[in-house]
Every structure is written in C-alpha cells, then in structure tokens.
Amino acid sequence: MKLTTTARTTAATAGVVALLPLLAACGGTPTDDASGAASSTVTLVTHDSFAVSDDVLAAFEKESGLTVEQVAPGDAGTLVNQLVLTKDAPLGDVVFGVDNTYASRAVDAGVFEQYQPADLAPEVAAYAPDDLAGTLTPVDVGDVCMNLDDGWFEKHGVTPPTTLEDLAKPEYADLTVVTNPATSSPGLAFLLATIGAFGADGWEAYWADLRDNGLKVAESWEDAYYVDFSGAGEGGQRPIALSYATSPAFTVSDDGKTSATSAMLDTCFRQVEYAGVLAGAENPEGAEKLVDFLTSAEFQADVPGQMYMYPADPGVELPADWQQFAPLADEPFEVEPADVAAHRDEWIEQWTATVVG
C-alpha cells in the first residue's frame, strides 16, 4: 500500500519519509567502504509506498552483510511497466510490490527467476496462484476499497454511500476520486472489483455512469489520497476516495477511540503483493536472502505499522485497533486470475475509452 493497503497499500507518510535518505543513496552498484573495498549490495526495486522500520532493515543488513539500496520508479502499475521495459537490463536484483492484478504480465514477460523461500508456510504460498507459484513470493495482503471522509458527510448532512451503485447517484456527484488502472495497481484492483460486481456486460455502463456523475481520475494512489481526498487532512476536496480497508487505521484519533474515515467494505477487491528475484540480477544470492527477509517474522511483524497492509503470514500479531478500524471485507469481489491475465490489457483499453476518452 499504498498507505497500501492494499493497497494498496497497498505506506504511512512517516514510513515513506523515513526512507528518503536510503532512496537518495540508490545507485544500483556496489559502494566502497572505509577501506576502499567494494561492499556487497543488493538493490530492491519497489513502488513509492514501500516502507520498513530503520531498525528492522539495519538488523537484516548486519546479519546478512548486505547493503540494501532501493529504487522506486513510481506506483505499482508504473513499476511493472518499467520491469517489463528493462528486463534485459534490470533495474536491480529484487522487486517488491508487484501485485495479483499485474503479476502475470511481468511473469509472462520473463522478468523473474524461479525462486521461493524453502520454508515458506503453506498458508502464505497459497496466496500465489498456480501460474505464479515458484516465481513470486507473497508478502502482504489488503483490500482495495472506497474510503469515506465521515466528518464531511456529517457536516453536510449527507447520508454516506455504502455500495458501488450508490456512487453513481446524483447526491454523490463530483465527490469521488479513483486512480487510473493503467498506472495504478489500486486503480486496476478497483476496476476488477466492478467487473466482478457487474460482469463483462455491465461494468462499462457502470463506469460511464460514474464518469457522468463527476468522477475524478488521479494517476497514483498518493495523488488520490493525499491531494484529492478530504479525509487525509491535506486540503483535498473529495470525500470519497479509492484506498484500502486498512486506511481508516491511519486516521485514528489521538485517544484511539474513533477514526475520521471509514472503508466501504462492500466495494472491495483483495490485493496480494509479491516479491521476486529479477532475471539477470547482479547479485542473485543476495536477492534470495532479501526475499527470505521479506517473509521473515521480523519484516512481517513490521508490515502493518509501516505499510498498513496485512502480513501474508497469518500468525503475525496485528495492531490492537485493527479489528475495529481495519477489518478485511467478508466478501470481496473476485475475478479469476486466468481472466485477469487474458483480458487485463483489453479491459484497461476499454476503461480508458469509456472514462478518459
């Protein structure tokens, strides 16, 4: 995430800010230590919302003897596009942030080497469908859903929407912002939610109704949430925004009793984010160690507080307020992975023609 989630994201602002010094140091090549000898580096290619606690990352670097550099080319959709375009000269050694809406595209393009941690728990491995098994490793899970600025609706005396159909009603005109499925993995996840909800014969008409009801489309989750969403506290003007079911845990009051936002749990699509070793990696052994780290107990326990996603490991203890403010949807909308792989590009083109023109 994408706070991110799912993603979304599928990170908290503080987590992203904490990474800026590391991002600034990115170069994709080994650096020299004080003795002048080349140090061992491993380059992680990820999306803009990746975050990890400094002490957790430092402990891995100390134990492994590796220095982790990070490259973030953009949102998860942009990330996959860049991975495919640069597969013959990869941007790094490992990728994190490819999700189940885009993963088959990258796998089919030959972006990854075969690798999964040997001790991966069966319940974690189950998050990777058959066409990804052995190539990508599940790291976190989240529900992409519409979020509401509850205070805005109370202030204006408007009953909040609860369903996908509600968003197209006149009383919610000019209130909604989503992200572009061509560039944003949450955007694609939400497109798939509508396909799951309305079927192959109905989803385009639904999006036409949203368009005619004043829908705004942002290019990235960060823009939709932090620029356009009024509930983020950054001056946005739209009280309905595409984000994650976990996002309300980010807007909890100081006393922990209430949240300024809520998720529409009847609008969700479940997102899984993966890590993988890039084909042609300069440091494949270090890459495997880094993937192992992303599934370790230490990193998995860090995921909720840093990226506001559920760890793929179901045994990790979650923050105390998540049961109240960040529950997953009981019945998220689904689209078969094979259908996503077969029709993703077609659906994005149809969506673009319908919504953007």
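The values are calculated or read from the model by the stated rules, or taken from the named source; none is laboratory data. Since the model is a prediction, treat every value here as computed from it, not as a measurement. Heads up, the Cβs are rebuilt from the backbone with ideal geometry, glycines too, and the neighbour counts pull from every protein chain shown.
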* Check region 290-305 and report whether any residue there is part of a loop (DSSP other than H, G, I, E, B) and in the same structural domain as ALA121 (by TED's automatic domain parsing). => yes
* Where a residue in region 110-134 is within 19 Å of GLY280 (Cβ to Cβ) and its partner, wherever it lies, is loosely packed, with under 12 Cβ neighbours inside 10 Å and modelled with pLDDT of 90 or more, with Cβ under 8 Å and at least six apart -> GLY134/GLN114
* Asked: Can you find even one residue in region 199-216 that is aliphatic (A, V, I, L, M) and part of a strand (DSSP E or B)?
  -> no
* **From the options ALA287, ALA224, ALA281, ALA241, residue that is in a loop (DSSP other than H, G, I, E, B) and modelled with pLDDT of 95 or more** => ALA281
* Subset of region 106-133 [within 21 Å of the chain's Cα centre (by Cα) and either at positive phi or crowded, with 18+ Cβ neighbours inside 10 Å (or both)] -> ALA106, VAL107, VAL111, PHE112, GLN116, VAL124, TYR127, ALA128, LEU132
* Asked: Taking the condition within 17 Å of GLN271 (Cβ to Cβ) and modelled with pLDDT of 95 or more, does VAL139 pass?
  -> yes
* To do: Return the total of residues in region 222-243 being more than 15 Å from ALA263 (Cβ to Cβ), touching a Ser or Thr at 6+ places or on another chain (Cβ under 7 Å) and of a type in the set (A, V, I, L, M).
  => 0
* Asked: surrounded by fewer than 24 Cβ atoms within 10 Å (Cβ to Cβ) and either within 27 Å of TYR127 (Cβ to Cβ) or at pLDDT 95 or above (or both), is that true of ASP266?
  -> yes
* Would region 298-311 turn up any residue that is over 20 Å from the mean Cα position of the chain (by Cα) and not acidic (Asp, Glu)? -> no
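May I ask you to verify whether VAL158 is part of a loop (DSSP other than H, G, I, E, B), modelled with pLDDT of 95 or more, surrounded by fewer than 23 Cβ atoms within 10 Å (Cβ to Cβ) and not assigned by TED's automatic domain parsing to the domain that holds GLN300? Steps first, answer last, please.
On the way: part of a loop (DSSP other than H, G, I, E, B): yes; modelled with pLDDT of 95 or more: yes; surrounded by fewer than 23 Cβ atoms within 10 Å (Cβ to Cβ): yes; not assigned by TED's automatic domain parsing to the domain that holds GLN300: yes.
Yes, satisfied.
Based on this model, can you work out whether ALA197 counts as on the phi < 0 side of the Ramachandran plot and at pLDDT below 95?
On the way: on the phi < 0 side of the Ramachandran plot: yes; at pLDDT below 95: no.
In short, no.
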